[in-house]
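Values in this text are rule-based calculations from the coordinates and carry no lab data. Keep in mind the model is a prediction, meaning the values are calculated, not measured. Here the Cβ positions follow ideal geometry from the backbone for every residue, glycine too, while neighbour counts run over all protein chains shown.
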Amino acid sequence: MNVLVKYADDTNLLVPSDSDLDLSTEFDNIKQWAVDNRMVINILKTKEVVFRRPNPRLDVCPVALVGVEQVVSAKLLGIVLSQTLRFDIHVNGILKLCSQRIYLLKLLRGKGLPCHLLNTVFDAVVLSKLRYAICNMQYTMVFYLRN
């Protein structure tokens with residue numbers, strides 16, 4: 001079963017290896033839908049990720065879409081998904097960002113910002129990044145593993 005996921009101006013197409021329609025056909029359908037609805041697909045921003053199983057013998061490499069860059073990871077609603085369905089790239093990016101923001105907190109403390117306000121800033125700029133999409137990541141993993 002192919003799945004089309006839309007959010008605002010982002011469209012994501014999930015095509016399992018055992019699909020009746022191949023990726024190229026589905027992508028042509030999306031491009032035609034965009035033309036019919038007077039929308040433009042920016043091919044330069046379009047990326048293809050082939051999710052791979054850990055076992056190399058089960059690795060199926062589909063034909064790449066013409067004119068679309070094939071990448072090993074892509075950001076989807078703020079979450080970086082890698083072709084191996086591991087979150088190490090995402091987690092490393094979040095840790096780097098949080099480290100930078102904690103340095104900002106250190107500077108604010110040095111300027112005399114009261115502790116209760118430092119806690120508020122911490123919640124806003126660090127904790128919010130750590131909590132963002134935790135439920136979505138769990139759902140995403142379950143969805144991909146089932147399909």
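Once you have the Cα-Cα distance between Leu104 and Val125, take 0.36 nm times their residue separation minus that, and quote the gain in nm to one decimal.
On the way: separation 21, 0.36 × 21 = 7.56 nm, distance 0.97 nm.
Gain on extension, Leu104 to Val125, equals 6.6 nm.
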For the range 55-136, max minus min Cα coordinate along each principal axis, in Å, sorted largest first?
-> 58, 26, 19
For the range 118-125, what does the Karplus curve 6.51 cos²θ - 1.76 cosθ + 1.60, with θ = phi - 60°, yield as ³J(HN,Hα) per residue in whole Hz, taken in order and with x for Gly and Pro?
-> 4, 4, 5, 5, 4, 4, 6, 9
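Once you've got the Cα coordinates, tell me which of Lys45/Lys106; Lys31/Lys129; Lys45/Lys96 are over 32 Å apart. Let's see the in-between values first.
Numbers: Lys45/Lys106 37 Å; Lys31/Lys129 34 Å; Lys45/Lys96 25 Å.
Pairs exceeding the cut-off: Lys45/Lys106; Lys31/Lys129.
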Taking θ as phi - 60°, what are the ³J(HN,Hα) couplings along the range 68-82 by the Karplus curve (6.51, -1.76, 1.60), each to the nearest whole Hz, with x for Gly and Pro?
-> 10, 6, 8, 10, 8, 8, 8, 8, 10, 6, x, 10, 8, 9, 9
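Given 20 °C and 1.002 mPa s, compute D for the range 9-93 with the Stokes-Einstein relation, Rh being the Kirkwood radius over Cα pairs; round to the nearest whole µm²/s.
Numbers: Rh = 14.4 Å.
D, rounded to a whole number, is 149 µm²/s.
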The exposure ranking of Ile43, Ile30, fewest beta-carbon neighbours within 10 Å first, is Ile43, Ile30
The FRET efficiency for Asp22 and Leu97, from their Cβ-Cβ distance with R0 = 30 Å and rounded to 0.05, is 0.20
Would you tally the net charge around Ile89, using a Cβ to Cβ cut-off of less than 13 Å, leaving Ile89 out, and scoring K and R as +1, D and E as -1?
-> +2
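Note down the net charge around Gln100, summing +1 for each Lys or Arg and -1 for each Asp or Glu among other residues with Cβ under 12 Å from its Cβ. Present the calculation step by step, with values, prior to reporting the outcome.
Numbers: positive: Lys96, Arg101, Lys106, Lys129; negative: none.
Value of the local net charge: +4.
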May I ask you to evaluate 6.51 cos²θ - 1.76 cosθ + 1.60, the Karplus curve with θ = phi - 60°, for each residue of the range 35-44 and list the ³J(HN,Hα) values in order in whole Hz, giving x for glycine and proline?
-> 4, 4, 9, 6, 10, 10, 9, 7, 4, 5
